[in-house]
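This report concerns only the one structure given below.
Laboratory data are not the source of any read-out in this text; all were calculated from the coordinates shown. Note that this is a predicted model, so its numbers are computed, not measured. With ideal geometry, Cβ positions are generated from the backbone for all residues, glycine too; neighbour counts draw on all protein chains shown.
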Amino acid sequence: MPEAHTTGPWVYHLGCVYADCPTAYPKGKDTGVPIAHMDREPGNGTTPCERDANARLIAASPGLLEVANLIYRLDRDNGPNITGPVWRDMVRTVAQHAREVIAQAVGVCDE
């Protein structure tokens, strides 16, 4: 089934999420396709760090979906038939990808 969303990777910069852009704001310009904008103005009920955290989580969404699909396919295609080193290698591959996506989603505050 083809993806219905804008394909990743997505990046964030100061509360904005962009697609089709290797880095946000190269040379001071936003050249990516806008996905989401978090209101960073004071008084809207969240802090700049919370808004950036929300943007990071949104930007990590394509990778999170990919990890979920990897886990699903691993179980569907192999499930109980895989044991020993093959299973461990597959789990390590999925776990490494999960760590990378988690790091993208968690990030640090740009306040």
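Tabulated data for the structure shown
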read-out: Computed lengthening from residue 77 to residue 49, 0.36 nm per intervening residue step minus Cα-Cα distance; value: 6.0 nm
read-out: Label-point gap, in nm, between residue 64 and residue 106 - each point 7 angstrom along Cα→Cβ; value: 1.5
